[in-house]
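Accompanying notes for the structure given below.
The values are calculated or read from the model by the stated rules, or taken from the named source; none is laboratory data. Note that this is a predicted model, so its numbers are computed, not measured. Quick reminder, even Gly has a Cβ in these numbers, built from the backbone with ideal geometry, and neighbours come from all protein chains shown.
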Amino acid sequence: MKERKVLTRRVGKYEPLDLKAYKDMGGLGGLRRALDIGPDSVIEEIKLSGLTGRGGAGYPTGLKWGSAAREKKTPKYFICNADEGELGTFKDKVLLDGDPWAVLEGILIAAYAIGAEQAYIYIKGEYEDTFNLWGKLAVEAKKAGLLGKGILGPVGLQVARGKGPYIAGEEFALISSLEMRRAMSRLKPPYPSQQGLFGKPTVVNNVETIANVPVILAEGAEEYLKLGVKDEPGTRLFSLSGDVKQSGVYELEMGSGTLRELIDEFGKGTISGRPIKAVQPGGGTSALLAADSLDCSLTTEGIRKVGSSIGTAGVIVYEQGKSGVDIVKGLMEFYGVESCGRCVPCRIGVVRMKEIVERFSDGKGTPEDLEQLRQIGKACVVASTCGMGQAFPLPVLSALELFGEDFETVISKVPA
């Protein structure tokens with residue numbers, strides 16, 4: 001299994017603020033072609049490429065752009081979502097720090113395609129060095145005529161620092177945060193492409209998603225379609241962490257191997273040498289997979305078939321010797337305080353599930369607790385407003401299914 005470096009081919013090979021070096025390595029070719037073919041053709045090229053969102057939802061990028069471009073209301077906005085808050089996910093920072101001009105080029109192409117005169121990049125609050133870098137990058141881009149009244153006309157870029165909540169990674173919550181309001185999800189429709197930032201048409205794309213855009217425009221959609229598999233072209237950046245000897249970010253063609261091969265080849269096995277107990281293939285909100293399900297293809301469909309999701313491609317490995325109770329306790333310690341409070345199922349359910357998991361961790365779980373954990377989790381999945389409420393119970397529900405004996409062991413030790 002080998003890496004296929006497309007998005008990461010320039011990472012670490014030039015000084016981040018050196019635009020000349022970026023151009024010498026082929027940068028801005030996508031932007032030049034975009035200007036040659038026009039906004040409508042740019043959107044059609046993105047649609048033809050089959051590019052989907054890399055931030056977790058996997059929505060077709062070209063459809064988002066097309067929807068916003070058709071809207072008559074102005075002004076329009078483009079937002080690059082760099083609020084990388086999903087547990088086990090750290091791939092966007094590699095691009096933001098290692099090849100920032102490519103991300104900016106993608107932002108400029110997107111703004112041009114949908115007719116936006118103002119763009120934003122919303123950077124995770126903990127990424128202080130990245131935020132400072134992008135502040136300087138925006139200045140350099142304006143000097144070079146890429147921003148301001150430059151080659152695209154009047155296009156501005158505001159570098160915004162995230163306020164901290166996990167929910168700000170959800171597009172409407174991020175929009176609320178940019179509007180200087182509490183980060184909260186909203187009911188859909190209307191969608192952001194219809195009524196987003198300040199009530200105007202808005203497109204929100206993840207960093208990795210937008211980094212694909214210059215590649216597609218420079219080389220053409222037909223060339224891009226040669227990467228990956230038929231229904232899922234391109235590459236993905238996999239963040240590999242947890243109980244592995246070698247964590248890191250690895251760029252692989254979709255379908256180029258299996259989840260087990262990724263862990264063995266790049267993670268070099270578990271830290272202790274013990275067998276794998278469970279893996280989360282799509283970040284902290286993805287369902288757990290047992291060790292016998294790891295021979296699945298590294299595609300959205302391949303991972304879905306074995307009961308989980310590719311999500312943000314944040315692969316978290318847990319080795320044997322860890323209880324299923326301890327695994328979900330660590331997850332619920334995080335998600336248990338991250339609900340925005342917008343809807344009742346998530347606002348109340350996440351707290352109750354956290355309390356029950358903590359009781360099991362303290363050796364005090366009961367059969368009634370076990371049943372409540374299942375019922376509350378299922379209710380949150382079907383009744384919550386946004387992706388967080390629908391997804392945070394999945395690791396717990398999958399742990400109950402795969403490692404129910406770990407919970408039953410706790411119950412058996414509770415004094416009658």
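Could you list, in sequence order, the residues of region 128-137 that are closer than 23 Å to Gly85 by Cβ and either surrounded by fewer than 21 Cβ atoms within 10 Å (Cβ to Cβ) or not assigned by TED's automatic domain parsing to the domain that holds Gly162 (or both)?
Hits for region 128-137 are Glu128, Asp129, Phe131, Asn132, Leu133, Gly135.
Looking at region 113-127, which of its residues are in contact with a Pro (Cβ under 9 Å, 6 or more places away or on another chain) and crowded, with 22+ Cβ neighbours inside 10 Å?
Within region 113-127, Ala113, Ile114, Ala116 meet the criteria.
Okay, residues lined up against (1) touching a Ser or Thr at 6+ places or on another chain (Cβ under 9 Å); (2) surrounded by fewer than 20 Cβ atoms within 10 Å (Cβ to Cβ):
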| position | (1), (2) |
| --- | --- |
| Gly307 | yes, yes |
| Thr312 | yes, no |
| Val315 | yes, no |
| Gly321 | yes, yes |
| Phe334 | no, yes |
| Arg342 | yes, no |
| Arg347 | yes, yes |
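Collect the residues in region 249-272 that are under 18 Å from Gly88 (Cα atoms) and under 22 Å from the mean Cα position of the chain (by Cα), keeping them in residue-number order.
Answer for region 249-272, where residues must be under 18 Å from Gly88 (Cα atoms) and under 22 Å from the mean Cα position of the chain (by Cα): Val249, Tyr250, Glu251, Leu252, Leu259, Arg260, Leu262, Ile263, Phe266, Gly267.
Can you name the residue in region 180-225 that is in contact with a strand residue (DSSP E or B) (Cβ under 7 Å, 6 or more places away or on another chain) and farther than 19 Å from Phe78 by Cβ and, of all such residues, is surrounded by the most Cβ atoms within 10 Å (Cβ to Cβ)?
Result: Tyr224.
Determine which single condition Arg32 fails, assuming it passes every other condition in (1) at pLDDT 95 or above; (2) of a type in the set (Lys, Arg); (3) part of a loop (DSSP other than H, G, I, E, B).
(3)
Test of understanding: among Gly26, Gly38, which residue is at positive phi and touching a residue at least 24 places away in the same chain (Cβ under 8 Å)?
Just a single option satisfies the conditions, and that option is Gly26.
Quick one: in region 41-57, which of the residues that are touching a strand residue (DSSP E or B) at 6+ places or on another chain (Cβ under 8 Å) and at negative phi is modelled with the lowest pLDDT?
Gly55
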